[in-house]
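Encoded as structure tokens, the structure appears first; notes follow it.
The values are calculated or read from the model by the stated rules, or taken from the named source; none is laboratory data. Since we're looking at a predicted model, the values are computed, not measured. In this analysis, Cβ positions are derived from the backbone assuming ideal geometry, glycine residues included, and neighbour counts consider all displayed protein chains. Surface accessibility is based on the protein's heavy atoms, side chains included, excluding ligands, DNA and RNA. Shrake-Rupley method; radii C 1.70, N 1.55, O 1.52, S 1.80 Å.
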Amino acid sequence: MAKLALVKWPDPRLKEVSKPVKEITAETRSFIDDMVETMYAENGIGLSAVQVGRMERIVTMDLGSGSERYDTEEVGDLIVMINPEIKEFSEEEMTFKEGCLSFPGQFSDVVRPEKVTVEFLDYNGKKQILHANDLLSICIQHEIDHLNGIVFVDHISKLKRERLLKKLKKADL
Ligand code: NI
């Protein structure tokens with residue numbers, strides 16, 4: 001396994017749409033292992049393939065792997081999703097202060113549907129359906145957004161976005 005380099009804003013790949021995985025090979029699984037290692041090493045609760053420079057529809061998540069910021073009682077379990085598709089969104093919404101490994105140190109309140117139903121292929125290529133709520137639902141939506149070239153700051157007001165990106169630029173100098 002190897003830790004991969006993160007793709008960070010303003011890398012243009014973050015705005016691109018990722019392609020479906022056609023076949024899950026040993027090489028795909030080896031890449032996913034590297035994604036998982038990278039996610040844990042960076043204390044992220046989720047990671048999408050584009051964030052390590054591969055434009056394929058793969059995400060990894062583990063709510064227990066996050067930094068202390070995520071004060072969650074949920075047991076940390078690794079979830080791997082290949083070609084995930086959200087089939088249902090709830091009408092109820094929730095607000096969560098989101099962050100992203102591609103926007104280090106930056107956080108902003110984002111409003112999203114509170115529950116989702118998602119279909120995907122797991123690590124072994126088996127079709128799965130998951131009903132998620134709360135932080136897991138938010139994380140799923142955030143990561144699948146990445147596969148569609150959408151980042152969390154696309155969900156906030158222009159004013160807040162500009163302020164956040166300015167702070168990020170400053171921190172990067
Ligand atoms: Ni992100």
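Brief remarks follow.
- Filtered by the rule that a residue be open to solvent by 30 Å² or more (accessible area, probe 1.4 Å) and either part of a helix (DSSP H, G or I) or free of Cβ contacts under 8 Å to residues at least 24 places away in the same chain (or both), segment 56-66 gives a lone residue, GLY64.
- Output for segment 1-30, where each listed residue is open to solvent by less than 20 Å² (accessible area, probe 1.4 Å) and either more than 14 Å from GLU143 (Cα to Cα) or part of a loop (DSSP other than H, G, I, E, B) (or both): VAL7, SER18, VAL21, THR28
- Qualifying positions in segment 40-55 - modelled with pLDDT under 95 and either open to solvent by less than 10 Å² (accessible area, probe 1.4 Å) or out of contact with any Cys (no Cβ under 8 Å at 6 or more places or on another chain) (or both): TYR40, ALA41, GLU42, ASN43, GLY44
- Test result for GLU73, farther than 15 Å from ASP145 by Cβ, among the acidic types (Asp, Glu), at pLDDT below 80 and surrounded by fewer than 21 Cβ atoms within 10 Å (Cβ to Cβ): yes
- Any chance LEU147 is modelled with pLDDT of 95 or more, within 16 Å of the ligand (Cβ to nearest atom) and in contact with a Leu (Cβ under 7 Å, 6 or more places away or on another chain): no
- Contacts under 8 angstrom Cβ, first residue in segment 125-141 being of a type in the set (D, E, K, R), partner at pLDDT 95 or above, 6 or more apart: LYS127/GLU119; LYS127/PHE120; LYS127/LEU121; ASP134/MET94; ASP134/GLU114
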